[in-house]
1. Among the numbered conditions (1) buried (at least 18 other Cβ atoms within 10 Å of the Cβ); (2) free of Cβ contacts under 8 Å to residues at least 40 places away in the same chain; (3) within 28 Å of A:A166 (Cβ to Cβ); (4) out of contact with any Lys or Arg (no Cβ under 9 Å at 6 or more places or on another chain), tell me where B:D144 comes up short.
2. Exactly one of these conditions fails for A:R198: (1) surrounded by fewer than 23 Cβ atoms within 10 Å (Cβ to Cβ); (2) more than 25 Å from A:L402 (Cβ to Cβ); (3) in contact (Cβ under 8 Å) with a residue 12 or more places away in the chain. Give me its number.
3. If only one of B:S107, B:S67 is surrounded by fewer than 21 Cβ atoms within 10 Å (Cβ to Cβ) and assigned by TED's automatic domain parsing to the domain that holds B:W282, which one is it?
4. Regarding region B:85-101, can at least one residue be identified that is over 27 Å from B:G111 (Cβ atoms), facing chain A (nearest Cβ under 7 Å) and among the hydrophobic types (A, V, I, L, M, F, W, C)?
5. Which pairs do you get when a residue that is at the interface with chain A (Cβ under 9 Å from one of its Cβ atoms) and free of Cβ contacts under 8 Å to residues at least 24 places away in the same chain, found in region B:295-313, comes within reach of a residue that is among the aromatic types (F, W, Y) and crowded, with 17+ Cβ neighbours inside 10 Å, reach meaning Cβ atoms under 9 angstrom, with the pair 6+ apart or on two chains?
6. Is it the case that B:L341 is touching a helix residue (DSSP H, G or I) at 6+ places or on another chain (Cβ under 9 Å), outside the structural domain of B:A133 (by TED's automatic domain parsing) and not in a loop (DSSP other than H, G, I, E, B)?
7. What number goes with the only condition from (1) under 30 Å from A:L400 (Cβ atoms); (2) polar (S, T, N, Q); (3) more than 7 Å from every other protein chain (Cβ to nearest Cβ); (4) free of Cβ contacts under 8 Å to residues at least 60 places away in the same chain that B:T79 does not pass?
8. Report yes if some residue within region A:16-34 is within 7 Å of chain B (Cβ to nearest Cβ) and closer than 30 Å to A:G211 by Cβ; otherwise report no.
Protein chains: 2
Amino acid sequence: MLSQAKPGEIRSSLPANPPAHGEPFDALLKDVEKLILPGITHWQSPNFFAYFPCNASGPGILGDLLSSGLGVQGMLWSTSPACTELETHVLDWLVTMLGLPEKFLSSSAGGGVIQDTASSAALCALLAARERATNYSSNKKGCDGRVVAYVSTQTHSSLQKAAMIAGIGVDNLRSIDVDENFAMRPDALASQIEADKRAGLVPCFVCTTVGTTSSNAMDPIADVAQVCRQHNLWLHVDAAMSGTAAICPEFRHLQNGVELADSYNFNPHKWMFTNFDCNCFWVADRKALIQTLSILPEYLRNQATESGAVIDYRDWHIQLGRRFRSLKLWFVIRHYGVEGLQHHIRRHVELAQQFAAWVRNDENFELAAPTPLNLICFRHKAGDAANQTIMDRLNSSGDLFLTHTKLNGKLTLRLCVGQTNTQAKHVERAWQRIREEANKLPSAA
Amino acid sequence: MLSQAKPGEIRSSLPANPPAHGEPFDALLKDVEKLILPGITHWQSPNFFAYFPCNASGPGILGDLLSSGLGVQGMLWSTSPACTELETHVLDWLVTMLGLPEKFLSSSAGGGVIQDTASSAALCALLAARERATNYSSNKKGCDGRVVAYVSTQTHSSLQKAAMIAGIGVDNLRSIDVDENFAMRPDALASQIEADKRAGLVPCFVCTTVGTTSSNAMDPIADVAQVCRQHNLWLHVDAAMSGTAAICPEFRHLQNGVELADSYNFNPHKWMFTNFDCNCFWVADRKALIQTLSILPEYLRNQATESGAVIDYRDWHIQLGRRFRSLKLWFVIRHYGVEGLQHHIRRHVELAQQFAAWVRNDENFELAAPTPLNLICFRHKAGDAANQTIMDRLNSSGDLFLTHTKLNGKLTLRLCVGQTNTQAKHVERAWQRIREEANKLPSAA
């Protein structure tokens with residue numbers, strides 16, 4: 001489960017120099033088994049409950065293999081039209097599948113693109129917001145230290161990284177306070193924006209989260225959107241893990257207000273059975289994004305691009321080169337069908353809710369946050385040291401893997417149900433093992 | 001070869017809505033054959049001579065399949081130690097294989113990391129340079145519009161994009177003039193830096209290229225490095241395609257001076273038989289890079305990271321998540337061996353040099369730039385329209401695919417020999433077809 005390798009252990013088993021002559025393939029496979037596998041933390045184990053999942057499936061893997069084999073470079077429409085058009089098509093499908101607003105459809109003024117990760121998607125959204133707020137002058141003249149962006153104290157750290165990369169600076173990234181459910185407080189956001197405006201700064205961007213990494217908190221998108229509208233700020237919605245739940249109509253209320261967002265993203269590589277990397281990113285105004293990221297040197301000029309009749313996805317993200325990632329996503333959607341995907345998501349949520357009920361009914365444990373979907377934040381009541389001990393022992397046992405966070409200053413265990421093959425028996429066993437380790441605590445009766 | 005699909009043609013063949021129920025796998029494969037393949041431009045054809053290659057090989061593809069199957073997330077050492085350690089190990093191997101300076105070894109103050117593309121590597125280098133030059137204050141306070149970076153007029157457009165992203169702005173990216181071989185003029189660079197300093201600006205970064213995209217020009221790294229040293233600027237070397245040639249000692253002179261670089265990158269996914277994406281990026285001072293990109297939220301804290309004994313590659317690039325990309329690179333190196341790789345590179349260069357000789361000896365054609373390696377820039381003497389016609393006819397014939405650039409204002413054809421399976425017969429046939437189309441020109445005798 002969690003690799004028990006010591007730092008440097010794997011490297012020390014590898015030869016210091018590359019081979020001068022080619023080696024037979026079975027020598028490679030033997031080394032994979034002997035040297036590499038012991039150093040793997042098994043993200044695809046049904047007993048993996050750590051972080052957020054990064055799940056996969058047979059059809060996803062085969063779609064990716066096909067992408068590797070075709071070896072297509074999709075930087076421009078013309079460098080492989082199918083790579084661009086299948087991607088646009090599948091991202092349009094997903095707008096419907098997830099109940100996202102029509103403005104994200106490619107037939108509207110918006111559109112979707114596959115990015116590698118939510119970090120990159122957030123960076124692109126922040127850049128487009130920066131440009132829109134500065135009348136597209138930052139790209140030309142550089143940032144001037146007056147542009148300000150807003151997240152909550154619970155927003156993913158990638159937004160902080162994006163602010164650093166974009167030349168905005170972390171001092172200009174405001175961490176808005178959260179309520180008792182760890183959700184952004186719109187009133188605090190509004191006050192901060194007003195204060196910044198009074199100070200002559202240029203507010204440009206707010207990131208709300210559907211399911212924060214730490215505790216799966218749901219920011220009140222609709223209320224935040226009102227504040228954004230009032231001040232003309234770009235509203236980005238990060239639904240990296242929990243966005244997948246929107247494939248089930250009964251969970252869509254968790255992202256009420258998404259119809260007011262300027263951009264949205266979720267990761268099929270987290271909870272939708274599509275192997276890493278696959279982030280889906282939509283914008284309501286594709287011109288803002290393209291104007292932010294477009295460059296066109298002579299050696300990439302071509303008739304299709306000049307005609308304006310095609311999408312060149314290289315202008316929708318940081319990189320120039322791109323692989324044919326929509327294949328795996330297409331394979332997954334067709335293999336499972338919408339109902340098949342719904343079935344698995346519902347099952348994961350059901351298992352997680354069952355686990356939450358066990359915690360709620362156990363006198364030694366408590367829930368540390370609401371559990372709207374498939375992440376349970378919980379802790380043993382004996383305090384931080386006890387929880388650390390439980391976690392360390394579980395993780396080194398090889399029976400399961402979970403990770404932690406801090407909520408209200410207290411060490412909190414996180415258990416996320418989302419691996420493709422996780423079934424009731426795995427979650428039951430996890431709870432059993434957690435209680436076993438709790439019972440071994442020195443303080444236990 | 002070059003897909004003949006019309007804009008919208010592939011999409012129009014796909015169903016408007018995703019399937020409600022799962023479909024059998026053979027239905028997917030039939031659609032791949034019927035709907036997708038006609039929309040593919042075949043980058044892996046031996047008759048692909050366009051852009052720069054994006055080649056691949058069986059072992060690379062199988063290594064990537066293994067990566068998809070393991071589904072490992074290598075953001076931290078602890079999330080799969082083998083993913084980090086194999087990567088560090090293979091990048092150390094490559095330092096030796098390519099004759100790069102020892103300061104890039106992980107055992108020194110530097111080290112290597114796999115990025116997706118040269119665009120991302122250049123962005124990271126530029127960010128580290130920006131931070132170093134501003135005493136790590138831009139990350140905090142944002143860019144102030146005074147930071148200046150330097151490229152040549154021939155540098156890849158990704159550097160312009162990086163300057164936009166990094167909040168530096170294209171107005172602060174100086175395009176230094178080139179000499180008659182399209183190589184950066186160190187004297188012009190020095191003058192510009194001095195002028196910028198006099199103007200109170202903060203020069204931070206120079207990008208030199210080993211083999212520009214347009215014409216495969218070689219910037220004089222050693223001379224540029226002297227200028228950088230004098231003014232304490234970060235020197236980045238972009239060897240995206242041509243870096244692979246350094247595996248052959250006889251081509252290493254093309255990057256003389258690389259021992260003075262602060263960062264260097266090349267793409268095994270271009271010319272080293274490793275399927276996309278795989279960019280290798282080294283820095284001489286890993287602390288500068290990590291200090292630029294590091295963030296550490298509670299939910300990613302772990303003992304191994306705190307100990308300082310391990311590398312967490314998430315701090316070496318833009319994204320947080322990362323796949324196990326070193327597997328494919330390891331497979332390629334072990335399958336071919338160093339001598340096998342050298343053999344194929346030498347063969348490609350030999351074929352390209354043969355082609356250059358044919359051009360040189362043909363009275364209707366001329367070389368448009370030096371041909372140090374595997375890219376030939378050439379043109380028919382009848383002018384732009386004639387060259388455009390030749391290229392369009394060749395590309396729509398399906399016999400081969402090549403692209404163009406502009407050099408000294410003139411349309412120039414580019415033929416790059418680098419696809420894994422390109423043999424003498426393919427290059428011979430390409431030259432035959434080019435002459436055939438030339439002979440059909442109205443102006444032809």
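The values are calculated or read from the model by the stated rules, or taken from the named source; none is laboratory data. The structure displayed is predicted, hence computed values, not measured ones. Using ideal geometry, Cβ is built from the backbone for each residue, glycine included, and neighbour counts are taken over all protein chains shown.
1. That leaves (1) as the condition not met.
2. (3)
3. On the way: B:S67 fails: surrounded by fewer than 21 Cβ atoms within 10 Å (Cβ to Cβ).
Only one candidate passes the filter, namely B:S107.
4. Initially, region B:85-101 is screened for residues over 27 Å from B:G111 (Cβ atoms), giving none.
Looking through region B:85-101, none of the residues is over 27 Å from B:G111 (Cβ atoms), facing chain A (nearest Cβ under 7 Å) and among the hydrophobic types (A, V, I, L, M, F, W, C).
5. Once the first residue is at the interface with chain A (Cβ under 9 Å from one of its Cβ atoms) and free of Cβ contacts under 8 Å to residues at least 24 places away in the same chain and sits in region B:295-313, its partners that are among the aromatic types (F, W, Y) and crowded, with 17+ Cβ neighbours inside 10 Å give B:Y299/A:Y51; B:A309/B:W77.
6. Details: touching a helix residue (DSSP H, G or I) at 6+ places or on another chain (Cβ under 9 Å): yes; outside the structural domain of B:A133 (by TED's automatic domain parsing): yes; not in a loop (DSSP other than H, G, I, E, B): yes.
The answer is yes for B:L341.
7. (3) is the only condition that B:T79 fails.
8. no
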